[in-house]
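Below: one structure, written as structure tokens.
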Amino acid sequence: MCSGADTNILKNSSKAEQIKFIGIGGTVFFTAVMATIAASYALFTVFNNYYSAIFFGIIWGLLIFNLDRFIVSTIKKSTSKWQEIAQVTPRIILAIIIAVVISKPLEMKIFEKEINQVLLQKKNDLTLANKQQVATLFTPEIQKKQKEIEQLKQEINTKETETNNLYETYIAEAEGRKGTKLIGKGPVYKEKREKHDATLAELQQLKTNNQAKINQIENEITTLQTQQNNQVVASQPIIDNFDGLMARINALNKLPWLPSFFIFLLFLAIETAPIFSKLIASKGEYDYKFQDHENAVKSWIIQKEKQRSNLAHAETSLNNDIYNELENEKEIYNYKKQKAQSILQLQADAFYKAQKKVIG
């Protein structure tokens, strides 16, 4: 049944013919089983749900089974090998496509650990790139505010330097080292001391005001840094989920190609095995019986068409002869004349009545 053979003909064939088609059907069946497994795994990476993956995987397996069965059942043995090759060429192309579709998901499962390693490296790169990208949104504003803090601190330092210089000035005046060089606290000392005290008061007020501004700006920087971290955390799940079907296919392509190529060749051999087995095998008992059955049906249809054509030709000839003889029958002539006269009389009476109504 899986090989697409006519079971009625195959039952009456030899055991060797039955075994040959059992092998072809088994290949078709197990190819569909592998397609079901491959599709279920591939769809599980998409839906992340066992029931959906298995359900659609079974549908995909049945589709592949139907295609393979159709491909094998439509290959007919011929006396010319070139005619057989021309017949199977489009089917081989279709088989190659099916082999690629089946092998890729299974390759991803076989090399799952290696693919996970490639995906981990990719996720790390995406995480760093994401942090840098988010930082470009917040870093300029944070740096601007940090410069404002430095300016405020510089103002305090400048004022402290000025205050310290004034302190040194009035102390040196009192000790007689500078200024009037008179030891003692005279008028000049008093003037310089007052100037220092005023500057010291300004320094204290500047420290108070600037510290309040610095605290406010630092709070703003903290808020910006919190927003930056929140945005990085919010986008991280997207990176963590970067393991879908396309991502895994791309990761598989980054692995050495030779192991994947041999797996593809394996499935290609499985997929094309029924086709090449029918192509290589010589014409057997089943093929002759199937051809005989087709020829019998074809001959019967041609015969029926010929009979219908002859019947239609004979019917036409008979009708022509019958109507030619009836043309010379007087009885039929008189009968049709009588009927024609009755019709003309009825038409005349109806016309008379209509005209009478119009005239009134």
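Values quoted throughout were computed directly from the atomic coordinates according to the rules given, and no laboratory measurement underlies them. Values in this document were obtained by computation on a predicted structure and should not be read as measured data. Cβ coordinates were reconstructed from backbone atoms using ideal geometry, including for glycine residues, and neighbour counts include every protein chain displayed.
Some observations on this one:
- In segment 300-359, the alpha-carbon atoms span a convex hull of 122 Å³ per residue.
- Prolate/oblate/rounded label for segment 201-360 (Cα gyration tensor, a/c 1.5): oblate
- Relative to the Cα centre, the charge distribution of segment 74-201, modelled as +1 at Lys and Arg Cβ and -1 at Asp and Glu Cβ, gives a dipole magnitude of about 780 debye.
- Options 101, 5, 270, ranked by Cα towards positive dipole end of the chain, top entry (Cβ charges): 5
- Gyration tensor verdict on the chain (Cα atoms; rounded if a/c is under 1.5, prolate if a/b is larger than b/c, oblate otherwise): oblate
- Evaluated at q = 0.10, 0.13, 0.16, 0.17 Å⁻¹, a Debye calculation over the C-alpha positions of segment 132-244 (equal weights, vacuum) places log10 I(q)/I(0) at -0.53, -0.67, -0.81, -0.85.
- In the chain, Cα pairs under 8 Å separated by at least six residues give a relative contact order of 24 percent.
- For residue 178, the lysines whose Cα comes closer than 29 Å to its Cα, not counting residues fewer than 8 places off in the same chain, are 159, 190, 192, 195.
- Contour minus Cα-Cα distance for residue 291 and residue 204 (0.36 nm per residue): 20.0 nm
- Among 205, 117, 18, the residue with the largest mean-square fluctuation in a Gaussian network model of the chain, with springs joining Cα atoms closer than 10 Å, is 205.
- Cα gyration tensor shape of segment 51-124, rounded if a/c is under 1.5, else prolate or oblate by comparing a/b with b/c: oblate
- Taking a straight line from the alpha carbon of residue 145, these aspartates and glutamates sit under 18 Å away, with near neighbours fewer than eight places off in the same chain left out: 155, 218, 220.
- Calculated [θ] (222 nm, deg cm²/dmol) that DSSP helices of n ≥ 4 give over the chain, each run adding -39,500 (n - 2.57): -31500 deg cm²/dmol
- Taking 207, 330, 15 as the candidate residues, the one with maximal mean-square fluctuation in a Gaussian network model of the chain, Cα springs under 10 Å, is 330.
- Radius of gyration and Dmax over the Cα atoms of segment 85-184, both given in Å: 38.6, 124
- Projecting label points 7 angstrom from Cα along Cα→Cβ for residue 14 and residue 230 puts them 8.3 nm apart.
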